[in-house]
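Only one structure is covered here, and it is reproduced in the block below.
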Amino acid sequence: MDGAASGTSFDRRQSAAGPRIAILGAGFSGMTMAIQLQRRGWSNFVIYEKGDDVGGTWRENTYPGVACDVPSHLYSFSFEPNPDWSHRFSPGGEILAYMKGVAAKHGLYDKIAFAKRATALAHDGAKWTIKFDDGSIAEADFLISGIGGLHEPNIPDFDGAEDFAGPVFHTAQWRHDVDLAGKSVAIIGSAASAVQVIPEIARAVKDLHVFQRTPNWVMPRMDYAYPGWARALFNRAPWLARAYRGFYFNFLEWRFNSFRADDNYVKRLVRRTFDKHIKEHIDDPDLRARLTPDYPVGCKRILISDAYFPALQRDNVHLVTGKIDRFEAGGVRTEDGALIEADAIILATGFKPFDLNASVEIKNAAGLTLKEAWADGIYSHKTIAVPDFPNFFFLLGPNSGLGHNSVVLMIEAQVNYILQLMERAADEGGPAALIAPRAAATRAFDAALHEGLKHTVWAGGCKSWYLDDNGRNYTLYSGPVRQYLRDMAAPDLADYTLTREERPAAPAIGR
């Protein structure tokens, strides 16, 4: 199939209102889809957002120290560069402000229905019906999930959790009403959010006990503020900002080599950098040993922080590697019988990866739920669609996550690909056709993807959140982003079924 139909020719083929399009979520994914829909002549869409503003993860995660681990000039819309980023890795609040500004510039606030959490999605052979937790219902011809793969906090079921006398909260549900100053605090987890939170709160609390299940490869962040002259230069020479963005893209693509199965130069460089980093900041040989991973580089997420190791050297910060037995009124009891006293417990326990089924029931016209379709493992075609679920597309769906580069690049490629399919489905005028990937094409894509994953470090037997209970990797893409961009440049229509039925023209979609 050729590239996307032009906006002008497509506009002539639309019915008066055009197909009804529903987008779930107003984060990077949903915003990208909405903006590109407008650019290509589609206007009959609504974004349904569970929160009260745009921003997705950057609206929800407000814990101290929250920031992105991808350089800001790359972790942003390619069509809306921001020459005024304050830091190489800008804080979460600045990213949220950027997203709000982009939403306002493109008029998205007029297209968003807030406080709309979808609970059930059902196709009747002609259209999708969306049920929300407030009891309302909407209908759509095309349904795009911009919910993403990491949106449901992982709350472990600790014995005795109801007995603890103080507050317990997840980093993604930060309690700003809880003053931690002078308190004894336990933080469960030592991965991505923990390495950002710990240095921020360690200065204020009386004691901080860090419960580490597995040590991480922690690399220096090397963050810095952009001086005024640099921001002025990016404003005056947009081409320079694009080149700067391109530099980071290519550098991070090179870093993908650390995820390959072979023992290559990049992996050795990561290990040497880690060794130097930890020796510079951790004096105690025993503590250094407990913080050193015994699994291959890249098998779990590589973290970056300049402040995490120094924070662990503070007299009031204590690393706990014993297993948790239960929570009690006064704190956390470990399996060796010790009671770690705490006034508050913070859960830095991550998210349930691609747990769309946990919050939304998705059912096709035959009554098959997506959960049933995925009973033997989560899969998709081209990371964006599933057979027998027509006109339903994922953004940041199965196997489109990354460990080395900006997922915004993946989102933009997916949006371009999905829009080409939608334009083809509406290409002949009248009601939109039903389009879905063929089972054979999906199996072939999935087999090729997992064959590629066999040549990565993730297939080496290391347990991580990237894998399901059977060891199947359903979160990460198997290659560098450049490969994905090539694969997603244009769909092959032979991979899809296209069913056109005579149905009444779609009315304007309501909010």
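Relative to a virtual label point 7 Å from the Cα of residue 284 in the Cα→beta-carbon direction, which members of the range 193-214 show backbone nitrogen distances below 16 Å? Within reach of a label on residue 284: 207-213.
Solvent-accessible area assigned to carbon and sulfur over the range 180-339 amounts to 53 percent, based on a 1.4 Å probe. Applying a 4.7 Å Cβ-Cβ cutoff to the chain leaves 68 as cysteine residues with no disulfide-compatible partner. Between residue 225 and residue 361, the distance separating the two model label sites (each 7 Å from Cα on the Cα→Cβ line) works out to 5.3 nm. Highest average first, the peptides 306-319, 482-495 ordered by how many other beta carbon atoms sit within 10 Å of their residues are 306-319, 482-495.
For the range 325-426, the relative contact order is 13 percent, taking Cα pairs closer than 8 Å that sit 6 or more residues apart in sequence and dividing their mean separation by the residue count. When peptides 208-216, 344-352 are ranked by their average number of other Cβ atoms within 10 Å per residue, the highest-first order is 344-352, 208-216. Which is farthest toward the positive dipole end of the chain among 393, 285, 425, measuring Cα position about the Cα centre, with Cβ charges +1 (Lys, Arg) and -1 (Asp, Glu)? Positive-end residue among those listed: 425. Here the simple spin-label model places points 7 Å from the Cα toward Cβ, and for residue 233 and residue 490 these points are separated by 3.9 nm.
Counting heavy atoms of the protein chains alone, residue 333 has an accessible area of about 60 Å² for a 1.4 Å probe.
Using Cα pairs under 8 angstrom and six or more residues apart, how large is the relative contact order of the chain, in percent? It would help to have the intermediate numbers written out before the result.
Details: 989 pairs, mean separation 116.3, N = 511.
Result for the chain is 23 percent.
Answer rounded, prolate or oblate for the range 174-284, using the Cα gyration tensor with square roots of eigenvalues a ≥ b ≥ c: rounded when a/c is under 1.5, else prolate when a/b is larger than b/c, else oblate. Oblate shape, in that a/c is at least 1.5 and b/c is the bigger or equal ratio.
Would you please put 397-404, 252-259, 278-285 in order of how densely packed they are, using the mean number of other Cβ atoms within 10 angstrom per residue and starting with the highest? Write down the numbers at each step before the final one.
Values: 397-404: 23.0, 252-259: 18.8, 278-285: 13.8.
Ranked by mean Cβ neighbours within 10 Å, highest first: 397-404, 252-259, 278-285.
Expressed as a whole percent, the accessible area of the range 11-123 that falls on carbon and sulfur atoms is 52 (1.4 Å probe). Helices that extend 30 Å or more along their long axis by alpha-carbon positions and average at least 0.0 on the Kyte-Doolittle scale are absent among the DSSP H runs of the chain.
Would you tally the net charge around residue 457, using a Cβ to Cβ cut-off of less than 12 Å, leaving residue 457 out, and scoring K and R as +1, D and E as -1? Mind showing how you got there, number by number?
On the way: positive: 260, 267, 300, 301, 454; negative: 262, 263.
Overall, the nearby charge balance is +3.
In this simple spin-label approximation, residue 444 and residue 129 carry label points 7 Å from Cα along the Cα→Cβ vector, and these lie 3.7 nm apart. Across the range 124-176, the relative contact order, built from alpha-carbon pairs under 8 Å that are at least six residues apart, equals 22 percent. The tail of the calculated P(r) for the range 283-395, taken as Cα-Cα distances beyond 21 Å, holds 63 percent of the pairs. For the chain, the average shadow cast by the Cα convex hull is 24.6 nm², which is a quarter of the hull's surface. Subtracting the Cα-Cα distance of residue 294 and residue 326 from their residue separation scaled by 0.36 nm leaves 8.9 nm.
How much net charge surrounds residue 158 when only other residues with a Cβ under 12 Å from its Cβ are counted (Lys, Arg +1; Asp, Glu -1)?
Working: positive: 323, 326, 333; negative: 157, 159, 162, 163, 325, 328.
Charge balance in the 12 Å sphere: -3.
In whole percent, and with a 1.4 Å probe on the protein chains, what portion of the accessible area of the range 438-496 is carbon and sulfur? Don't skip to the end; give the middle numbers.
Values: 1560 of 2950 Å².
Exposed carbon and sulfur together represent 53 percent of the surface.
With contributions of -39500 (n - 2.57) from each DSSP H run of at least four residues, the per-residue ellipticity at 222 nm computed over the chain stands at -9000 deg cm²/dmol. Placing a label point 7 Å from the Cα of residue 371 along the Cα-to-Cβ direction, the residues of the range 109-137 with a backbone N closer than 18 Å are 118-123, 130-133. Dipole orientation for the chain: of the candidates 458, 484, 434, 484 has the Cα lying most toward the positive pole (charges on Cβ; Lys, Arg +1; Asp, Glu -1). On a per residue basis, the range 404-470 carries 38 Å² of accessible surface, using protein heavy atoms and a 1.4 Å probe. Summed over the residues of the range 84-170 and divided among them, the accessible surface reaches 41 Å² per residue at a probe radius of 1.4 Å. The local environment of residue 391, defined by Cβ-Cβ distances under 11 Å, has a net charge of +1 under the rule Lys, Arg +1 and Asp, Glu -1. Averaged per residue, the range 186-340 has 49 square angstrom of accessible surface, using a 1.4 angstrom probe with ligands and nucleic acids left out.
The values are calculated or read from the model by the stated rules, or taken from the named source; none is laboratory data. Worth saying up front: this structure is predicted, and the values here are computed from it rather than measured. Glycine also receives a Cβ, built like all others from the backbone with ideal geometry; neighbour counts cover every protein chain displayed. To get the accessible areas, we keep the full protein, side chains included, count just its heavy atoms, and leave off ligands, DNA and RNA. Shrake-Rupley method; radii C 1.70, N 1.55, O 1.52, S 1.80 Å.
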